[in-house]
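Comments concern the structure below.
The values are calculated or read from the model by the stated rules, or taken from the named source; none is laboratory data. This one's a predicted model, so the numbers in the text were calculated from it and none came from an experiment. Note: ideal-geometry Cβ built from the backbone for every residue, glycine included; neighbour counts use all protein chains shown.
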Amino acid sequence: MKFDSDDEKWFSWYLDDLMRLGAVIAWGRAQPFLLSNKVEYRWIRKMKTKEKLETNLLFHPHSYTPDFKIIWNPEFAGFLFHYTFETDVYKKPPKGKVPFIANVNSKTGKPYSIIEIKPASTFGNKHDHAREATLNIKWVWWCHRVYIQTIVVKPDNKGAPASALFPTTFTPSRYLYTDNTKKPRKIKWETVKASQYLQRQKTWYQMQQS
């Protein structure tokens, strides 16, 4: 699978760890969402002996393709992901405690997340690409009632944003080594294994239920 950025590749390693532990059933590229159809207008061209109906394009169709689709194991609901507020099982967790937000497939009933990967360099910025992605995400919700979650996988050199995924959850086992030479990577945050993180989250969740 080809990735558009290192951040996407690193996030795929994160999902691989979760899949090995049974938290993720499957993951892959997200499919495009059609947000507006092609718009044409018709007019009559008057010729010498007849009239001809012409069609001109007013707007091209517009679609948006997020980065990832994750199908979750429902057994990990509540401590690895929680559902959007429109589902019957929604229960808002403490802020920042449960990292993923899941939609529910209306046909299969399976929980899934749609993810847009955001580089740390664009966090809080209002340049064109970030603004366009934000508008598309709102548009998808309005047209399709699907929630798309934006994620920053790792912080920048200054440690921003503090909510970046790897430092606040776990660091993928493959990320501990550099991409090409596979030497130990210099990491500025305390690393946690996926299995450790899931066990910690599960213990916290069980305590909340008791």
**Prompt:** Can you find even one residue in the range 79-87 that is aliphatic (A, V, I, L, M), at pLDDT 95 or above and assigned by TED's automatic domain parsing to the domain that holds TYR205?
**Reply:** yes
Of (1) surrounded by fewer than 15 Cβ atoms within 10 Å (Cβ to Cβ); (2) free of Cβ contacts under 8 Å to residues at least 24 places away in the same chain, PRO167 fails just (1)
*Before we move on, is TYR147 in contact (Cβ under 8 Å) with a residue 60 or more places away in the chain and either in contact with a strand residue (DSSP E or B) (Cβ under 9 Å, 6 or more places away or on another chain) or basic (Lys, Arg) (or both)?*
yes
Out of (1) farther than 21 Å from ALA120 by Cα; (2) surrounded by 12 or more Cβ atoms within 10 Å (Cβ to Cβ); (3) free of Cβ contacts under 8 Å to residues at least 24 places away in the same chain, the one SER36 does not meet is (3)
How many residues of the range 178-198 are exposed (fewer than 13 other Cβ atoms within 10 Å of the Cβ) and without any contact (Cβ under 8 Å) to a residue 12 or more places away in the chain? The answer is 7
Does at least one position in the range 37-56 carry a residue that is of a type in the set (A, V, I, L, M) and under 20 Å from PRO111 (Cβ atoms)? no
